[in-house]
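The values are calculated or read from the model by the stated rules, or taken from the named source; none is laboratory data. Just so it is clear, the model here is predicted, and its values are computed rather than measured. Cβ atoms come from the backbone with ideal geometry, glycine included; neighbour counts cover every protein chain shown.
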Amino acid sequence: MIVCSTPASLLLASWVVALLGIGAGAPPWASVLAACLVFVGLAGLSYSAPAPSGTMWTGAFLFVCLLAGLLRILWPVCVPPAVPSVREIEGVVSLERKWGYAHVILVDSASGRFLIRVPPSRTASEGSLVSVTGRAVPLPSPDVRKRDRSRVVQFREDVFWRARGVVAEFVPSSVEETGMSSWTFSSLRTELRRRIVSAMPARMQAYLLAAWVGVKDPELQEDHARWGTAHLLAVSGFHVGIAVAAFMLFLRPVARRLPRLFPAVFHEGGALFTSVAASVVLWAYVGLTGAAASALRAALMVQVILAGQALGRPAKPVNSVCVAACALLLWNPWQFWDLGWRLSVVAALTLAALADLRGVRGVFVSGPVVWVATYPLVAASFGTVPVVGLLLNFVAIPAFSLIFPLISLLAAPGLSGLPGGVVAASLGERILTLWEGFAEATASFIPGTVSWSILGAGGAAIVFLTLMGRGMALSIRRSLFMGILGALVLFELF
Amino acid sequence: MGWNEEKKKSLTFLAAGVLCLAAAGFLLVTFSGRWKSPPSGMVAGPALSMKQTETPSPVPQPTFAPPAEWVLYVTGAVRSPGVYRLPPGARAYQLVERAGGLRPDADSVSINLAMPLGDGMHVHVPAALSVVKGANPQPARAEAPRTNGAAGEAGGRTIRAADAPVDINTATNGELEQLPGIGPKIAAAIVEHRSTNGPFRSIEDLLLVKGIGPKKLEALRNSIVVR
């Protein structure tokens with residue numbers, strides 16, 4: 001039963017239904033009721049007699065969590081927060097990026113996080129301390145509640161920024177840079193970014209910026225979008241997993257020796273020490289990359305796995321992903337409308353549901369299935385999905401799990417100003433040139449793209465929901481049934 | 001509990017589950033589009049009054065505090081090339097003085113020592129040899145620091161000879177399209193950016209144009225200039 005095997009999936013499914021309802025313009029009471037019905041429905045669908053002991057109590061506890069969570073999630077969405085009435089803010093620039101032809105900075109102040117638009121030539125770098133006078137205004141919010149079938153996805157700037165924790169826009173009358181914060185993630189990001197841009201050749205720059213500071217080079221992004229491998233540039237579970245795995249590989253010999261050296265402190269092969277150290281590295285990496293939704297989701301998921309390891313209770317992959325996704329929704333429910341959150345959760349859940357497939361079979365099946373599962377979201381947002389992605393992802397995922405650590409290693413001397421940095425960086429550049437040549441050649445052989453279609457999206461939704469059913473330990477028949485039913489509701493709604 | 005009873009119970013739960021899921025779907029489909037959230041533009045506190053809502057005052061243009069000192073980079077035929085800090089408003093001769101003065105081989109004619117500088121500039125003083133050899137003398141040039149990148153730090157201006165690369169501040173769409181990797185779309189974006197935000201302060205400012213990343217900028221670096 002789901003209640004016992006993957007309880008977090010019940011909560012996630014119910015909360016997602018409630019948010020889907022609100023997004024589609026259903027009244028809060030109807031959305032809450034639908035969420036409760038989904039909770040009960042999924043629990044009923046997965047029931048198989050005899051139920052394990054304690055199922056009732058677990059179910060009741062989960063139901064309370066469901067209601068409390070619904071209150072936490074729906075309240076800020078249904079009752080938009082008031083704009084703080086401040087005339088002056090002081091804080092740290094936590095994000096700086098291009099926005100159309102202007103630049104925007106996010107300033108973390110005592111009154112919350114504000115969005116400020118600045119001319120490109122006068123933008124402030126991340127980590128700098130600024131003092132801004134002006135006035136706070138609501139985020140631009142177009143009235144798009146009425147259903148518009150002409151476009152599958154409409155971009156809403158207010159939702160985009162709310163998903164990033166912004167409380168309001170601040171229209172500045174003066175901006176003064178008062179200094180640089182020391183030893184914050186933002187200042188470290190700026191320093192790393194500066195070093196990468198100044199010391200690395202073009203391709204190394206672009207890939208390192210994407211993997212280490214979460215900044216995407218538009219040209220490289222265009223290339224990867226054409227190859228169907230754009231996910232490699234967004235910091236996600238893939239990157240977080242590589243960072244933690246590489247660190248643990250390095251740490252393992254140390255961890256093995258610890259119990260012998262300090263038997264009283266470290267037991268069981270230093271598992272606790274490894275998990276704690278890996279957790280520190282994990283969150284440091286996520287902070288450095290700007291703590292994007294996908295990175296946070298992945299970090300939470302890996303953290304659940306690490307905690308399970310440390311406590312000797314290995315977690316179920318689907319449940320771990322659901323715990324992470326639920327935590328992110330509780331923290332900021334607006335993330336539900338963020339494409340990054342959706343893509344990352346769908347891809348991670350798909351991979352988690354396929355976790356039983358190991359070795360070559362796993363590598364060959366996972367890439368195309370993730371491609372299929374994410375197709376409706378990608379096609380709805382970007383118009384088309386390149387078919388070559390199906391083929392290139394077979395190679396790209398295993399290849400980049402080696403390329404990313406390798407180029408990071410090769411970049412280290414150049415970034416730290418050690419001798420031989422230029423040679424090492426050129427070697428990294430050469431590796432990336434080879435990949436680029438291979439991807440370009442493959443893409444030229446398979447130039448086709450797939451557009452969004454109701455049939456394709458419906459099929460993808462059925463595949464994804466069926467896989468989820470399997471991941472929740474439902475039988476194939478029940479999973480398929482749930483998939484078809486879910487797909488029907490989704491398409492009636494959108 | 002017998003096998004049949006267990007099966008019966010499972011089937012009952014299954015049917016109830018399906019019914020609940022179908023009811024949830026029906027509920028959402030029926031009520032979708034019937035509710036509109038309150039506008040997210042609610043403003044708290046007394047700072048913004050109703051009068052302001054009725055006749056909104058024009059948004060003031062932000063002013064930016066100038067840096068306390070300029071960081072400048074000088075290379076070429078000076079005694080001590082390097083990075084120097086000078087007060088805002090400094091001219092080229094002050095930077096050259098700070099760098100120990102001109103070397104004997106410096107082309108003192110082509111460098112405009114009275115040239116006004118800006119924060120983050122790179123001033124290059126050419127040697128006299130290049131003037132003798134070249135058909136066109138190559139005057140001192142000022143460029144933005146290469147460390148600029150996407151962060152968009154301070155830029156500079158560049159002054160070069162007549163046969164020098166394309167000036168992105170004056171080039172037409174056609175001229176820009178002659179550059180490697182620049183098509184009509186990016187050329188139009190460069191011109192639009194220029195007309196919207198004013199002239200480019202440095203080569204690195206091209207990173208602000210949609211469609212130009214570090215890779216393309218590197219390919220362009222030797223073919224463009226900012227005056």
field: Test result for A:F61, without any contact (Cβ under 8 Å) to a residue 60 or more places away in the chain and under 25 Å from A:A292 (Cα atoms)
entry: no
query: Name the pairs: first residue in the range B:201-215 and on the phi < 0 side of the Ramachandran plot and among the charged types (D, E, K, R), second residue buried (at least 23 other Cβ atoms within 10 Å of the Cβ) and modelled with pLDDT of 75 or more, Cβ to Cβ under 6 Å, at least 6 apart or on different chains?
result: B:K215/A:A206
task: Take the residues in the range A:435-494 that are among the polar types (S, T, N, Q) and closer than 27 Å to B:L27 by Cα, then tell me which one is farthest from the other protein chains (Cβ to nearest Cβ).
output: A:S453
task: Run down A:V79, A:V40 and say which single residue is on the phi < 0 side of the Ramachandran plot, surrounded by 15 or more Cβ atoms within 10 Å (Cβ to Cβ) and without any contact (Cβ under 8 Å) to a residue 12 or more places away in the chain.
output: A:V40
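Could you go through the range A:114-122 and let me know if any residue there is away from chain B (no Cβ under 11 Å), part of a strand (DSSP E or B) and closer than 17 Å to A:V171 by Cα.
Yes.
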task: Kindly indicate the residue of the range A:29-47 that is within 7 Å of another protein chain (Cβ to nearest Cβ) and over 21 Å from B:L11 (Cα atoms) and also nearest to the chain's Cα centre (by Cα) among those meeting that condition.
output: A:A34
- line: Per the filter on the range B:182-211, residues basic (K, R) and in contact with a Phe, Trp or Tyr (Cβ under 9 Å, 6 or more places away or on another chain) are B:R194, B:K210
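Here is a yes/no grid of residues against (1) within 25 Å of A:G471 (Cβ to Cβ); (2) away from chain B (no Cβ under 13 Å); (3) in contact with an Asp or Glu (Cβ under 9 Å, 6 or more places away or on another chain); (4) modelled with pLDDT under 90:
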site	(1), (2), (3), (4)
A:A18	yes, no, no, no
A:A49	yes, no, yes, yes
A:W57	yes, yes, no, yes
A:V83	no, no, yes, yes
- line: Across (1) at pLDDT 80 or above; (2) within 13 Å of another protein chain (Cβ to nearest Cβ); (3) over 23 Å from the mean Cα position of the chain (by Cα); (4) surrounded by fewer than 17 Cβ atoms within 10 Å (Cβ to Cβ), A:L249 clears everything bar (2)
message: I'd like the full set of residues that are surrounded by 13 or more Cβ atoms within 10 Å (Cβ to Cβ), at pLDDT below 80 and not in a loop (DSSP other than H, G, I, E, B), limited to the range B:182-202.
response: B:N197
task: Restrict the check to the range B:108-122 and report whether at least one residue is away from chain A (no Cβ under 14 Å), surrounded by 19 or more Cβ atoms within 10 Å (Cβ to Cβ) and modelled with pLDDT of 75 or more.
output: yes
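Which of the residues spanning the range A:449-494 are of a type in the set (A, V, I, L, M, F, W, C), assigned to a loop (DSSP other than H, G, I, E, B) and either over 23 Å from the mean Cα position of the chain (by Cα) or surrounded by fewer than 19 Cβ atoms within 10 Å (Cβ to Cβ) (or both)?
A:A473, A:L474, A:F494
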statement: By residue number, the members of the range A:175-195 that are within 8 Å of chain B (Cβ to nearest Cβ), touching a helix residue (DSSP H, G or I) at 6+ places or on another chain (Cβ under 8 Å) and modelled with pLDDT of 80 or more are A:V175, A:R193
- line: The condition of being buried (at least 20 other Cβ atoms within 10 Å of the Cβ), away from chain B (no Cβ under 12 Å), among the small types (G, A, S) and not in a loop (DSSP other than H, G, I, E, B) holds, among A:A211, A:A225, only for A:A211
query: Quick one: how many residues across the range B:203-227 are farther than 20 Å from B:G174 by Cβ, at the interface with chain A (Cβ under 10 Å from one of its Cβ atoms) and surrounded by 18 or more Cβ atoms within 10 Å (Cβ to Cβ)?
result: 8
